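The values are calculated or read from the model by the stated rules, or taken from the named source; none is laboratory data. Keep in mind it's a predicted model, so treat the numbers as computed, not measured. Here the Cβ is made from the backbone with ideal geometry for all residues, glycine too, and neighbour counts use every protein chain on show. Just the protein is used for accessible areas: all its heavy atoms, side chains included, with ligands, DNA and RNA removed. Shrake-Rupley method; radii C 1.70, N 1.55, O 1.52, S 1.80 Å.
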Amino acid sequence: MALLKERLKTGERLFGPFVNLCHPAVLEIAGNAGFDFAIIDTEHGEISSDRAVDMVRAAKLAGVSPVIRVYGNQPELIAKALDIGAEGVQVPQVSTKAEAMAAVRAAKFAPEGARGCNRYVRAARYSAADKFSYFTNANQETAVIIQVEGKEGIANLPDILTVPGIDVLFIGPYDLSASLGIPGQVDHPQLVAEMQKNMELARQAGVAIGFFVDDVASAVKWKNWGVQYISFAADVGLLYEVFREKVMAFKNG
Ligand code: 3PY
Ligand code: MG
């Protein structure tokens with residue numbers, strides 16, 4: 001299956017949930033359902049890297065691209081996510097050009113960055129991969145997804161977008177709504193207008209745009225407006241929705 005980064009380059013519109021539950025089966029189910037990617041959430045989920053690695057394995061087997069959202073913009077966490085074989089790393093709360101540069105630097109081997117080199121990691125097939133091609137190709141094969149989700153980051157977007165190596169500019173509507181003083185109002189006209197402005201800036205910079213939505217109607221709307229990386233709800237919320245619907249159908253039946 002084509003890698004996430006390649007699919008982004010062809011302009012495909014991709015759809016994937018956050019995964020907060022700490023179990024590889026969730027990734028298999030996501031793959032079987034036909035999602036394009038799934039974001040293993042170590043920022044808000046309860047997932048450590050020794051569990052995330054089995055989730056990455058399951059995702060690869062099920063044909064859904066695994067992305068890891070790291071807990072913060074920390075080089076050790078970004079390198080670890082890529083060492084265990086995630087196709088992309090998603091970095092929350094990026095507000096300045098310097099922070100965006102730090103995230104890219106942590107995700108790339110030299111000369112583009114300073115990611116620590118080790119060929120005994122899962123991403124290098126525990127040394128079965130040819131070391132020269134691994135170190136040469138990894139930077140071109142893994143995606144860097146930068147989350148901008150606050151007023152400061154939005155103001156700095158033109159600068160942030162000049163940083164080479166960003167594959168997706170991801171706008172986090174929940175954090176952004178809080179930062180704009182309208183917490184949780186992700187459909188508020190002010191937020192929608194901000195997002196449309198950001199999309200245009202990303203388009204001019206040649207960077208794919210990503211957004212988070214809670215419902216399918218919004219996902220389709222943003223897809224048709226040109227968002228390429230559409231992150232949709234989270235496993236726990238989707239499970240709750242179906243549980244609740246079934247319970248209500250039973251009680252009212
Ligand atoms: C946000 O909306 O703040 C996100 O990080 C995506 O869920
Ligand atoms: Mg957020």
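Among all positions in the range 132-139, there is at least one residue which is surrounded by fewer than 17 Cβ atoms within 10 Å (Cβ to Cβ) and β-branched (V, I, T). Taken together, V186, V163 contain a single residue that is touching a Pro at 6+ places or on another chain (Cβ under 8 Å) and either in a loop (DSSP other than H, G, I, E, B) or surrounded by 16 or more Cβ atoms within 10 Å (Cβ to Cβ) (or both), which is V186.
Conditions tested, residue by residue: (1) touching a Ser or Thr at 6+ places or on another chain (Cβ under 6 Å); (2) modelled with pLDDT under 95; (3) aliphatic (A, V, I, L, M).
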| site | (1), (2), (3) |
| --- | --- |
| K5 | no, no, no |
| P17 | no, no, no |
| H23 | no, no, no |
| E28 | no, no, no |
| G45 | no, yes, no |
| A58 | no, no, yes |
| A62 | no, no, yes |
| A102 | no, no, yes |
| C117 | no, no, no |
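Just one of the listed residues (A178, A143) is farther than 29 Å from K80 by Cα and surrounded by 14 or more Cβ atoms within 10 Å (Cβ to Cβ), and it is A178.
Of all the numbered requirements in (1) free of Cβ contacts under 8 Å to residues at least 40 places away in the same chain; (2) farther than 20 Å from A107 by Cα; (3) open to solvent by less than 30 Å² (accessible area, probe 1.4 Å), Q196 misses one, and that requirement is (3). The C-beta contact set for the range 109-130 (first residue assigned to a loop (DSSP other than H, G, I, E, B), second residue of a type in the set (D, E, K, R), distance under 6 angstrom, 6+ apart or interchain) comprises F109/R115; G113/R105; A114/R105; R115/K108; R119/K131; V121/D83. Checking each residue in the range 214-245 for being part of a helix (DSSP H, G or I), polar (S, T, N, Q) and open to solvent by less than 30 Å² (accessible area, probe 1.4 Å) picks out only S218. Note on the range 29-65: among residues that are assigned to a loop (DSSP other than H, G, I, E, B) and among the β-branched types (V, I, T), the one that is nearest to ligand 2 (Cβ to nearest atom) is T42. Inspection of the range 101-113 identifies at least one residue that is open to solvent by less than 10 Å² (accessible area, probe 1.4 Å) and within 16 Å of ligand 1 (Cβ to nearest atom). Counting only residues that are within 15 Å of ligand 1 (Cβ to nearest atom) and β-branched (V, I, T), which one in the range 48-73 is surrounded by the fewest Cβ atoms within 10 Å (Cβ to Cβ)? By that ranking, first place goes to V70. The condition (being within 16 Å of ligand 1 (Cβ to nearest atom) and in contact with a Lys or Arg (Cβ under 9 Å, 6 or more places away or on another chain)) is satisfied by just one residue among Q93, Q147: Q147. Counting only residues that are open to solvent by 60 Å² or more (accessible area, probe 1.4 Å) and under 16 Å from E43 (Cβ atoms), the range 78-100 holds 3 of them.
Contact map, the range 239-253: residues that are over 25 Å from F18 (Cβ atoms) paired with residues that are at pLDDT below 95 and open to solvent by less than 100 Å² (accessible area, probe 1.4 Å), Cβ distance under 8 Å, separation 6+ or inter-chain. No pairs are found.
F211 meets each of the listed conditions (1) under 23 Å from E43 (Cα atoms); (2) among the aromatic types (F, W, Y); (3) open to solvent by 60 Å² or more (accessible area, probe 1.4 Å) apart from (3).
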